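**Q** I have a structure here, written as structure tokens, and I will follow up with some questions on it.
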2 protein chains.
Amino acid sequence: MDIALLGGTGDIGEGLALRWAYDTNHTVIVGSREAERAETKAEEYETELDSRGQDVAIEGLGNEDAAARADVVVTAVPAYHLTDTVEAVADVLGDAILVAPAVGMKRDEDGFHYNRPGVGSVTQLAAKAAPEETPVVGAFHNLAAGRLANLDADLDWDTVVVGDDTDAKDTVCELAEGIVGLRALDGGPLSNAAEVEAVTPLLINVARHNDGLHDLGVRFQ
Amino acid sequence: MDIALLGGTGDIGEGLALRWAYDTNHTVIVGSREAERAETKAEEYETELDSRGQDVAIEGLGNEDAAARADVVVTAVPAYHLTDTVEAVADVLGDAILVAPAVGMKRDEDGFHYNRPGVGSVTQLAAKAAPEETPVVGAFHNLAAGRLANLDADLDWDTVVVGDDTDAKDTVCELAEGIVGLRALDGGPLSNAAEVEAVTPLLINVARHNDGLHDLGVRFQ
């Protein structure tokens, strides 16, 4: 499967790109608003994988070219860039699956808090910006980017996948479980995304207040 | 330590009462709006513990008498009874630690959702209703009552503890870790409670949509 990571030069994009390229046979395409930056990062990822004996080609393209080539398009951008990013590639999405991992947070002196958008969740912001024929799935909200991008680190995490299109959700669950140490769980329809997203500020608060815990993910058991 | 479980006849109260009585040497007092009902349940818990070779006395009292006797008062009541329950015992709380495990949820056709009160969280509702000298701590929000009350079941769960009074929070963390299989994590100040509470509807959604998963708790790792 061809996976485009829009904003694939950022931290969560780097982690997903490296893990998919290392753990699976999927083709990873790194997207960025600047094609040149995407190319540079793609080369970095290739070098990292090569140093681990994995000889894979990762292409770097502008976001729109990356999206046009992919079966699955992951918007690995911060929440405040999400709508713009989806709108910029809307004409080429077609029936590709759009995956939104972004979470909205605000910070005060006490800690991080979930910043729920009026539409219900950040994942639903992506759905609102996407063309009607494009199935939208929420996934990968609660992954600590640092550990994800470190191929020496074991994950042992869950990711809750939400969406209204069952086939698209199944495909994303399979992609998620291709990453070693990641278990995909069905969280139900897209309207259940807010509670998934709200786990991310909690993970940050717990890491801040407990010695020895950092780069946390979550496991439901 | 003397622990009163207000609404200790309900499902989360039953689980905490049995676990503390079984796993620790703390004195457990079951409270209810009706003292007679508290007595009946306390006897049931004694019988259950006796059948496992644990000969402990559990007292059942009206909520106010239970609260007056305790060092730690746990409001094991649904969110919509929380304010009333705290107000009904406010005169006797003094500097006892008040612990609120309640979560507000609403349900629609898609699943369960966190129902955040205007004051920020259900835990903060308890703080608002409590006397000024009573430290309020949020804990035990994300425990599946059925598994908690089944002493044959292993937990292997985390509970995130939030509060503004560090000593009170430390005491509650110790109480939590007295329960075998439960790890207490510091979630920071009381104002971080909403993100903890929001995990509970997520656990229910995940259990509903994934075969073989039920009575879920959470582990941060």
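**Q** For A:R107, go 7 angstrom from Cα along the Cα-to-Cβ vector, then report the distances to that same point in the other copies in nm, smallest first.
**A** Reported distances to equivalent positions: 3.9 nm.
**Q** To continue, here is another question. One decimal, nm, shortest first: give the distances between the label point of A:S51 and those of the same position in the other copies, each label point 7 Å from Cα along Cα→Cβ.
**A** Result for A:S51, in nm, nearest copy first: 6.0.
**Q** Follow-up question, since we're still on this one. Among all helices in chain A defined by DSSP H, which have a length of 20 Å or more along the axis from Cα atoms plus a Kyte-Doolittle mean of at least 0.5?
**A** A:79-93
**Q** Can you compute the radius of gyration and Dmax for the protein assembly as shown, using only the Cα atoms, both in Å?
**A** When restricted to Cα atoms, the protein assembly as shown yields Rg and Dmax of 23.9, 75 Å.
**Q** What relative contact order, as a whole-number percentage, does the stretch B:104-145 give when Cα pairs under 8 Å and 6 or more residues apart are counted? Each step should come with its number before you reach the end.
**A** Numbers: 24 pairs, mean separation 9.5, N = 42.
This gives 23 percent for the stretch B:104-145.
**Q** What nm distance separates the two modelled labels at A:N25 and B:V56, each placed 7 Å from Cα along Cα→Cβ?
**A** It is 5.7 nm.
**Q** When only Cα pairs under 8 Å and 6 or more residues apart are kept, what is the percent relative contact order across the stretch A:105-221? Before the final figure, lay out each step's value.
**A** On the way: 182 pairs, mean separation 36.1, N = 117.
Relative CO of the stretch A:105-221 lands at 31 percent.
**Q** Within a Cβ distance under 11 Å of A:D165, other residues only, what is the Lys/Arg minus Asp/Glu net charge?
**A** -4
**Q** Taking every DSSP beta bridge with both residues inside the stretch B:2-209, roughly what % is antiparallel (nearest 5)? Write down the numbers at each step before the final one.
**A** On the way: 5 of 30 bridges.
So the antiparallel bridges amount to about 15 percent of the total.
**Q** Counting partner chain Cβ atoms within 10 Å of every residue's Cβ in B:200-211, what's the average?
**A** If you average over the peptide's residues, the count of other-chain Cβ atoms is 6.
**Q** Quick check on the protein assembly as shown: helices-only [θ] at 222 nm, where DSSP H runs of length 4 and up contribute -39,500 (n - 2.57) each and the sum goes over total residues. Nearest 500, please. Intermediate values should be presented prior to the final figure.
**A** Working: 18 runs with 186 residues, N = 442.
Theoretical 222 nm ellipticity from helices: -12500 deg cm²/dmol.
**Q** Only Cα pairs under 8 Å and at least 6 apart count here; give the relative contact order of chain A as a rounded whole percent.
**A** Details: 499 pairs, mean separation 41.3, N = 221.
Here the relative contact order equals 19 percent.
**Q** Placing the label point 7 Å from Cα along the Cα-to-Cβ direction, what are the distances from A:G212 to the equivalent spots in the other copies, shortest first, in nm to one decimal?
**A** 3.1
**Q** Return the percentage of antiparallel bridges among DSSP beta bridges fully within the protein assembly as shown, rounded to the nearest 5 %.
**A** Restricted to the protein assembly as shown, the bridges split so that about 20 percent are antiparallel.
Taken together, the values in this text are just the output of simple stated rules run on the coordinates, not laboratory data. Because the structure is predicted, anything quoted here is derived from the model rather than measured. Every residue, glycine among them, receives a Cβ derived from its backbone with ideal geometry; neighbour counts consider all protein chains shown.
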